[in-house]
Protein chains: 2
Amino acid sequence: MHLSTHNWMRAEPLAVTLKRIKKYGYESIEISGEPAQYDIKDTRALLKEHGIRCWGAVTLTLGERNLAAKDESQRAKSVDYVKSVITMVSELEGEIVTLVPATVGKVVPDGTEEEEWQWVVDATKECFAHAREKGVRLAIEPLNRFETYLFNRAAQALALADAVDPDCGVCLDAFHLNIEEEDIYDAIRLAGNRLFDFHVADNNRFAAGLGHLDWPKIVATLKEIGYDGALTNEFVAPVDRTPAAKYPDMVERNPVDIPPEQLKFIQDHGSSLLTEKFYDDQMRITAETILPLIK
Amino acid sequence: MHLSTHNWMRAEPLAVTLKRIKKYGYESIEISGEPAQYDIKDTRALLKEHGIRCWGAVTLTLGERNLAAKDESQRAKSVDYVKSVITMVSELEGEIVTLVPATVGKVVPDGTEEEEWQWVVDATKECFAHAREKGVRLAIEPLNRFETYLFNRAAQALALADAVDPDCGVCLDAFHLNIEEEDIYDAIRLAGNRLFDFHVADNNRFAAGLGHLDWPKIVATLKEIGYDGALTNEFVAPVDRTPAAKYPDMVERNPVDIPPEQLKFIQDHGSSLLTEKFYDDQMRITAETILPLIK
């Protein structure tokens, strides 16, 4: 196991992030699933320069992106988007694409269970075929019920993976597990050797160590199932607008260059633009909590 | 302490609910915060007939209801709504109104922190004055970040209660505590004698006992702070639309008489219309888990 991080949580130049995470002992990155934002050649050079490898990417299933959409052309465009993320990861020599099948924030389905299941299985199969061709492993990620109505638990993600291909896997996320699973550890065991990726935030989605999750037991369970991939930092800190605020300086008040749909994505998660100080602290604290457990 | 339940989670006649909960040992009800749905005289008679008292109500802060709205007339209407819930509870001889200050599902604020704080404090003071006059205690309830951006933690709800009146309190909910608090038990201790109400669902928002929350420890901590109110059942079960579904018969397929905004409220929580069998089981399991702990 090694420590990795997403970078979609703060709009900052990749070089700044890479320098930041290198000093705390991160080995790899899951790059934001927006291929249009990255020039492959430049990105490869940056990764090499900072000694950080690309582990993979997570799809940012925003707006009209939805593999379970009723509209056929919308599904086709969504498949194209996922394929573009897979291609990007392949060109950056990454191993994994974490797939969120349905639009984040969408809580009402387009069709019957049977229709929808067929749509999402067929669309994911297309993505999987492209991933296999590109040498990238595909991992279905369940999210909590407020982010999606469709895949919330490990067993549900595994059902889709099973319907797609025995070589399709899942990605689990400690924050979501704590909301949706009857037993966090049993969910990890259920995934077993189909677990391709693991996302790390505490129960309150601050850095690991700032909440009540039992990280030694989580990591021990990952070892128990023989997991040997990344533990990928993905904190999403809620903004406190009351006099009880613990981190009054967490919100960035200066103008930040970020596309509106990505800002909306962050705000829909209860978070906002983060200051460099706050973001850096969260990166450091996660490393301090996780690294001693995986060494 | 005694066992209570909300009834907004299933659209069924009150008499059916009262009969259902009586047999499982519930002593009181928190009635759905929609005064227009209840004739006071009939409701009093029904409660008496079934031997269930009204403990209180929770505001259903839907649609345009928002004590933190920028628009003054919207705030005034929201205050009127909360007052109407307080009046209903008073007329049903209840003790508590649980107040959710900002619209459920709203995640972006209308103004600056300072403006908004003034709006919500002033509006809540008006509600509190009415509650005092009617002999009802007011409890601010924090919700998880996906349901509101404004009050997520006990400390934040207490900050509003403090700004309103020393006799204003808070309501905590185990499901939300598990998502938002650094330590669930410390949050209960922080509320202390300002804790006026406590909502019960497991970490996955199924009935208490169907998830990983430590109910003996939660109830012990409530005893430690001298809490002597209701433990109010409020499960909101997510619908599973995959082949991994554990409860394939939980969703009601027959037409149900429910206002569209209330159906949307339930769907926004990842749930749906529930069958009588599933609903009854959740009521029973909660009672089986909680009653032995509070006797």
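The values are calculated or read from the model by the stated rules, or taken from the named source; none is laboratory data. The shown structure was predicted, so the numbers you read here are calculated from the model rather than taken from an experiment. Here Cβ is always computed from backbone atoms with ideal geometry, including for glycine, and neighbour counts include all displayed protein chains. Just the protein is used for accessible areas: all its heavy atoms, side chains included, with ligands, DNA and RNA removed. Shrake-Rupley method; radii C 1.70, N 1.55, O 1.52, S 1.80 Å.
Database remark: amide H of A:L213 closer than 5 angstrom to the amide H of A:N203 (H placed geometrically; neighbours at sequence offset of 5 or more, or on other chains; Pro and chain starts carry no H). Between 0 and 90 degrees, the angle of helix A:215-224 with respect to the longest Cα principal axis of chain A falls at about 40 degrees. Across peptide A:145-155, the mean count of Cβ atoms from other chains lying within 10 Å of each residue's own Cβ comes to 6.
Placing one equal scatterer on every Cα of the protein assembly as shown and applying the Debye formula, the log10 ratio I(q)/I(0) at q = 0.08, 0.10 Å⁻¹ is -0.55, -0.86.
Take each residue in B:233-244, count the other chain C-beta atoms within 10 Å of its C-beta, and the mean is 6.
When only Cα pairs below 8 angstrom with a gap of at least 6 residues are kept, chain B shows a relative contact order of 18 percent.
Computed about its Cα centre, the charge dipole of region A:30-94 is approximately 120 debye, with only Lys, Arg, Asp and Glu carrying charge at their Cβ.
Taking the accessible area of the protein assembly as shown, probe 1.4 Å, and keeping the other protein chains in place, the carbon and sulfur fraction comes to 50%.
Here the extension length gained between B:E49 and B:E288 equals 83.6 nm, from 0.36 nm per residue of separation less the Cα-Cα distance. Taking all Cα pairs closer than 8 Å and separated by 6 or more residues, the relative contact order of region B:100-158 comes to 45 percent. Shown for B:P166: label points 7 Å from Cα along the beta-carbon vector, and their distances to the equivalent points in the other copies, 7.1 nm in ascending order.
Set the bar at 22 Å for Cα to Cα. Now go through A:K23/A:K223; A:K106/B:K106; A:K83/B:K106; B:K77/B:K106; B:K48/B:K125 and name every pair that lies beyond it. Listed pairs above 22 Å: A:K23/A:K223; A:K83/B:K106; B:K48/B:K125.
Helical runs (DSSP H, four residues minimum) scored at -39500 (n - 2.57) apiece and divided by the length of chain A put the mean residue ellipticity at 222 nm at -13500 deg cm²/dmol. The angle between the Cα long axis of helix A:113-134 and the main principal axis of chain A comes to about 70°, on a 0 to 90 degree scale.
Residue of chain A with the Cβ closest to the rotation axis carrying A onto B, and that distance rounded to whole Å: A:F146, 2. Which of the three applies to region B:108-193, rounded, prolate or oblate, going by the alpha-carbon gyration tensor with a ≥ b ≥ c and a/c under 1.5 meaning rounded? Judged from the Cα gyration tensor, region B:108-193 comes out oblate (a/c at least 1.5, b/c at or above a/b). If you wrap region B:211-286 in the convex hull of its Cα atoms and look at it from every side, the mean projected area works out to 6.9 nm².
Largest first, the three principal axis extents of the alpha carbons in region A:166-293 are 46, 29, 25 Å in whole numbers.
Across the identical copies, the label point of B:L291 (7 Å from Cα in the Cβ direction) is separated from its matches by 5.4 nm, in order from shortest. Maximal additional length on extending the A:D110-A:F278 stretch stands at 56.6 nm, based on 0.36 nm per residue less the C-alpha distance. Label points for B:D214 are taken 7 Å from Cα along Cα→Cβ. From this copy to the others they lie 0.8 nm apart, shortest first. Among beta bridges from DSSP that stay inside chain A, the antiparallel ones total about 5%. Here the label points at B:E224 and A:R132, each 7 Å from Cα along the C-beta direction, are separated by 5.4 nm in the simple model. Once divided by 2.2 N^0.38 Å, the Cα radius of gyration of chain A becomes 0.94. Rounded to the nearest 5, what % of DSSP beta bridges with both residues in the protein assembly as shown are antiparallel? In the protein assembly as shown, approximately 5 percent of DSSP beta bridges are antiparallel ones.
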